[in-house]
1. When you count, for each residue, the other Cβ atoms within 10 Å and take the mean per peptide, how do 176-182, 36-42, 106-112 rank with the highest first?
2. What's the angle, to the nearest 10 degrees (0 to 90), between helix 75-111's Cα axis and the longest principal axis of the chain?
3. What FRET efficiency would be calculated for the residue pair residue 41, residue 129, taking the C-beta separation as r and a Förster radius of 25 Å, to the nearest 0.05?
4. How tilted is helix 160-193 with respect to the longest principal axis of the chain? Cα atoms for both, answer in degrees (0 to 90, nearest 10).
5. Starting from the Cα of residue 157, step 7 Å along the direction of its Cβ; do the same at residue 195; then give the gap between the two resulting points in nm.
6. Order these by the 10 Å Cβ neighbour count, fewest first: 83, 64.
7. Using alpha carbon centroids, what distance separates the range 20-66 and the range 137-195, in Å?
8. Mind pulling the angle between the C-alpha long axis of helix 121-137 and the longest principal axis of the chain? Nearest 10 degrees, somewhere in 0 to 90.
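Just so it is clear, none of the values below were taken in a lab; they were calculated from the coordinates. What you see is a predicted model; the values in this text were computed from it and never measured. Heads up, the Cβs are rebuilt from the backbone with ideal geometry, glycines too, and the neighbour counts pull from every protein chain shown.
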């Protein structure tokens with residue numbers, strides 16, 4: 001049996017769902033809807049670039065800065081950080097992914113990238129492929145692992161060895177997510193410099 005971690009009596013576990021997180025996500029989705037519905041190419045581009053920068057920046061920061069730091073912190077110190085970080089990330093990252101992907105697709109359609117001839121259209125296929133991989137990995141792999149670890153940590157005596165194994169898998173997934181984010185930056189730089 002793996003080691004267990006005791007929860008200090010004074011530590012309170014914040015709720016997973018916070019109305020501020022829900023309102024922030026709803027606000028972001030309303031801005032997305034307004035950008036897609038508007039005639040302003042600038043506004044749509046702004047929403048796409050800002051959400052993409054936030055999504056990519058947070059992914060890279062979590063994967064290459066916070067992840068390695070948390071791996072070296074003892075579990076009793078890591079636990080309160082995860083309790084406060086995880087609920088925010090559960091709302092923030094999927095929302096940024098939705099806003100970035102949807103606004104990018106709408107922007108590509110308005111600019112005419114979806115009607116490009118081959119082989120130039122390969123860059124569009126590359127962008128959509130990387131976006132698909134990021135989304136599937138984020139929602140189908142990282143999110144479930146996040147939730148499993150979070151719920152295990154909420155137990156009065158979580159299994160530290162089990163959490164450690166899943167955290168190692170999670171950090172590898174986040175590192176891969178970071179590599180995919182760099183790939184999408186390369187592709188977007190190509191779009192900006194001209195196809």
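1. 176-182, 106-112, 36-42
2. Once rounded, one gets 10 degrees.
3. Calculated value: 0.50.
4. Long axis of 160-193 versus the principal axis of the chain: about 20 degrees.
5. Going by the 7 Å Cα→Cβ label model, 6.0 nm.
6. 64, 83
7. Distance between centres, Cα-based: 19 Å.
8. 20 degrees
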